[in-house]
Amino acid sequence: MAALKEEEIVSLAEFAVQYALKKGANEAEAFAYEGLTTTVTIERGQIAKSSRIIDRGLGLRTVVGKAIGFSYTNIIKDKAAIEETVSKALKSAKASKPDKDWQGFPSKKPFAKTKNTFDETICGLSPEDLVKTASIMLEASEKTDRRVFPVEGGVGASYLSRSIVNSNGINGFDGGTVVECSLATVAQESGEVTPVCFEFEAERLYKIDPEWVGAEAARQAASALKAKRVETKSMQVIFAHFAIQQLLYYTLMDAVKADYVQRGRSALQGKVGEKVASEIVTIHDDGLLDGGLRTWKFDGEGIPQQKTTIIENGVLRSYLYDNYTARKEDMESTGNAFRAGYLSTPHIEATNFHIIGGKKSPEELISEIKEGLLVYSVQGAHSSNPASGEFSVVATLAWKIEKGKIAHAVKGAMLAGNIFATLKNISALANNERKIGPLVTPWVLVEKIKVVGK
Amino acid sequence: MKDLLIKIIEVAIQRFGAEYAEARAQRLFKTMLTVKEEKVEAAKEGIENGVALRVLVNGAWGFASVGFFDADILMDAVSHACKMAKAASLKLKNPIKLAGSKAIEDHVPVKPKRNPSEVPVETKIKTTLSIAENVLGYDNRVRSCTVDYLDLVGTNFFINSEGTRIEQDKLYVWLRVLATAKEKDIFTFSREEVGSTAGYEVFDVETPEVVGERVAKRAVNQLRAKTPKGGTFPAILGPNVVGVFVHEAFGHLAEADLTLSGSVLMDKLGKKVASESVTIYDDGTVEGAFGSFKYDDEGVPTQKTLLVKDGFVVGLMHNKETAKKFNTQPTGNARAEDFRVEPIIRMRNTFMAPRDYSFEELVEDIKFGYYFKSFRGGQANLDGTFQVGIQEGYEIVKGDIGEPIRNASISGNTLETLHKVDAVGKDFELWPGRCGKGQTAFVCDGGPHIRVLEVLVGGGA
């Protein structure tokens, strides 16, 4: 089944808004979403599955008085289903309580310009094409080391579109593509099993390197064998891309959200203008990043996405806002209203949270460490204390660095600390930035991390 | 609906040469609420209708999911699914085979005392607001409270090419409360979940007062807690922590797909992996529990599956594909979150069976150690490394429960730790939760209090 045309999907959203106003809403906003995804899946060493998933629907917010209602449906082919959604949203608004801080939906502003977010080639990929890509990845993995077993993985190609219409005149459509390939591996040798190692690439344009992904996933697993325990002591730690994402997602990335700040749930409350990180740290939330995984013309409320400086040379400059939290402080939204498709009302999320890389190569970073750890992945970051930033995690994929060289793989090492103290102890950033979900980050060297070994 | 799905399955088999085909149709109605402090964010209601088609052609799987019930769209989707399977089979080394299961025809209605679909939204708003009021009113150091509520009511149709035709009603009620407290520079955080497949009557027991106090009290008590020492200590794990341990640290390794992927259990079947006081079940039959259902999403009846008996691994959790590989029967663990995804092996209600120790007997011999009462997240890896974050814990000093601790987490190797379980209590609790494995599944886990001779405790900074 082909994708809906821009006119079709926008006119559905327009109809929903008009009908809601006619039925008594003071304000209305419709967000329509469509996702067409083709994947092939690798399971236990072979390509064994292929799927085609079509998901589309419309979510509608209505305001009656200052009370907000929301309803969604995935049946959007006829007007009757939309009409039913409208009456549910109105009913839900009437059942809800007025919110005195509500100051209306946003008004129209020119949408931003984005680069490299759509690639026709990706829309045209057949399951056979994806099987070919997956095979290249698998073969690269098998060739690298015979002790490695590709547990799971796959290749996926998606077309996604989003449309927004509100009663203040916002009316927009944006379509984009994503292609990704990933491989999870374990290595086994004389009774030892490594943790699961994972590598992937995701891009908006069709330029992924499945051979690198396969080989790298295998290299990691093979070099995770013969893991040893380490002593309990404080040491220098290099956090690689995934580990940074795991540690920051539930801590720093929540702490800069305006709703967390306004509700007293953020350790960064009242700290704009203060030093919150080492002076080498600069972070932008860049909703317009060239080819960014979360780059769109407008956010989940139809506000143009933008580049916002969060931390500049260690100093906190701004939080992330949606329209509601911004108006509460008499500010402008930073375009960070996020939607999980059509199923939810918007909430604040980072777009492309970009930690600016430094000058040193990853090899140079390693070579300057006398004794430390290189941590690729941690386990249990979601059990951090998100309010205080305290974390206590296991380094699941890590290597000991001794005298500037990787000495051996490490098992069972726990890392404990406070993420906000850790930000101040960052002493170097590598030059190897990459995109990991909502994050763009290089490797990060932290001076003192408490490592609990044995 | 049934007739259309039967026809679609026939087309897959007869026209496209599928060896096996199944259709799963879902009509679902969800209500969601979020309360932040005294404010209700938009009450949300939604419809999610759709069909998932899964076919096995030339030994490979094809899957298609569409949000439509129209005959022509479904015909198109089934042809697509078969084409997808043929493409996937191009590089196949070992064709997939399935364990057969007997044909079942059944209609499974739900029988709640209070059906959430008949409870007005106003009442649901009142309940969630009242929880927030109870949390915030407990102590002025409680700074924020978020309550998320979800109920889901609907029907699933399951038809397969082996003659199974099941119409099964679904009902879930779930709620999560998060609270933070602050005093000077100390931030604490507390979390609770409520979940049931019985009905809205779950809130007659888990009242706003009961739930509110449980969350708020913990957040406030943590303010005066100290950070634990890092290192290896004896520990008592409460039922809530035992639950997440048997689920995360052991259960995932015993999901046969992960066992086959190389989990540390692969060469341990029939062998001793734990002390003899350890017996572990995954049970889909506990009435009203959050992980219970009658048939799984491959049309297989659920059951009470014995995984570990007196320290020996005696079973795994299977779907039809892994059951065939292990030359055994599927255990009813194949679950799909919704019509957008295919069924995979998931846990249901996973627990350690109680024995005969009282709490006092467990604690009395410990000179210095920790009592870990309630968890905040846990995770495990195929190599058996686990980590469980602790949201409520205490020191044990000379056989007595002492000062509270905060931000602890425990870690270790699952099998080593299971061998170190030296005493198992006689009490029992089951806690609702949600498990993520690419998809979300509603589950319970639990057990009695247990004593572990040593566990690695990651201290605070």
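The values are calculated or read from the model by the stated rules, or taken from the named source; none is laboratory data. The model shown is predicted, which means the values in this text are computed figures rather than measured ones. As a convention, Cβ positions derive from the backbone with ideal geometry for all residues, glycine included, and neighbour counts pool all protein chains shown. Each accessible area value is taken on the protein alone, full model and side chains, heavy atoms only, with ligands, DNA and RNA left out. Shrake-Rupley method; radii C 1.70, N 1.55, O 1.52, S 1.80 Å.
Overview of values
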item	result
Prolate/oblate/rounded label for chain A (Cα gyration tensor, a/c 1.5)	oblate
Average accessible surface area per residue within the range B:324-461, 1.4 Å rolling probe, Å²	35 Å²
Förster radius 45 Å - calculated FRET efficiency between B:ASP169 and A:LYS79, Cβ distance, rounded to 0.05	0.90
Summed side-chain charge close to A:GLU128 - residues other than A:GLU128 whose Cβ falls under 12 Å, Lys, Arg +1, Asp, Glu -1	+3
Distance violations [Cα-Cα > 31 Å] among A:LYS275/B:LYS39; B:LYS44/B:LYS437; A:LYS49/B:LYS420	A:LYS275/B:LYS39; A:LYS49/B:LYS420
Spin-label pair B:VAL397/B:ILE6, simplified geometry with 7 Å Cα→Cβ offset, distance in nm	7.2 nm
Probe 1.4 Å, all protein chains present, accessible-area order of A:SER141, B:SER130, largest first	B:SER130, A:SER141
Amide proton proximity set for B:PHE68, modelled H, under 5 Å, gap of 5+	B:VAL51
0 to 90° range, to nearest 10: angle between helix B:71-88 axis and chain B longest Cα axis	80 degrees
Nonlocal amide H pairs with B:ARG143, under 5 Å, H built at 1.01 Å	B:THR180, B:ALA181, B:LYS182
Cα-based convex hull, the protein assembly as shown, per residue volume (Å³, whole number)	145 Å³
Estimated vicinal HN-Hα couplings, Hz - the range A:144-153 in sequence order (Karplus 6.51, -1.76, 1.60; Gly, Pro = x)	5, 7, 6, 7, 9, 10, x, 6, 7, x
Calculated FRET efficiency for the pair A:LYS22/B:ASP427, C-beta based, R₀ 51 Å, to 0.05	0.30
In order through the range B:330-346: 3J(HN,Hα) via Karplus (6.51 cos²θ - 1.76 cosθ + 1.60), integer Hz, x for Gly, Pro	x, 9, x, 9, 7, 10, 10, 4, 6, 6, 7, 10, 8, x, 10, 6, 10
Extension gain (nm, one decimal) between A:ARG229 and A:GLU128, 0.36 nm per residue minus Cα-Cα	31.9 nm
Around B:GLU45: net Lys/Arg minus Asp/Glu count, Cβ-Cβ under 9 Å	+4
Burial of 50 Å² or greater, the range B:405-453 residues [accessible area, probe 1.4 Å, versus chain by itself]	B:ASN407
Protein accessible area in the protein assembly as shown, 1.4 Å probe - carbon and sulfur %	50 percent
DSSP-defined antiparallel bridges as percent of all bridges, chain A, nearest 5	95 percent
Within the range B:434-450: backbone nitrogen closer than 18 Å to the B:GLU364 label point (7 Å, Cα to C-beta)	B:449-450
Partner chain coverage, peptide B:31-44 - average Cβ within 10 angstrom	6
Separation between Cα centres of the range A:134-166 and the range A:249-313, rounded to whole Å	29 Å
In Hz, Karplus ³J(HN,Hα) per residue of the range A:200-209 (6.51, -1.76, 1.60; θ = phi - 60°; x = Gly, Pro)	7, 9, 9, 9, 7, 9, 7, 9, 9, 10
Label point 7 Å beyond Cα of A:LYS271 along Cβ direction - residues of the range A:385-416 with amide nitrogen under 12 Å	A:387-390
Length added when fully stretched, B:LYS93-B:ILE13, from 0.36 nm per residue minus Cα-Cα	26.5 nm
Approximate spin-label separation B:LYS304-A:GLU364, in nm, with each point projected 7 Å along Cα-to-Cβ	6.5 nm
Other-chain or far-sequence residues with amide H under 5 Å of A:LYS49's (modelled H)	A:THR41, B:TRP61
Solvent-accessible area buried by B and A, counting both chains, probe 1.4 angstrom, square angstrom	6800 Å²
Surface accessible to a 1.4 Å probe, per residue, for the residues of chain A, Å²	36 Å²
Span from the the range B:26-84 Cα centroid across to the the range B:92-168 one, whole angstrom	15 Å
Amide N of the range B:358-391 lying under 20 Å from the label point, which is placed 7 angstrom from the Cα of B:LYS229 along Cα→Cβ	B:363-373, B:390
Cβ-Cβ FRET estimate between B:ASP204 and B:VAL314, R0 fixed at 45 Å, reported to 0.05	0.75
Counted charge near A:GLY335, where neighbours are those whose Cβ lies closer than 12 Å (Asp, Glu -1; Lys, Arg +1)	-3
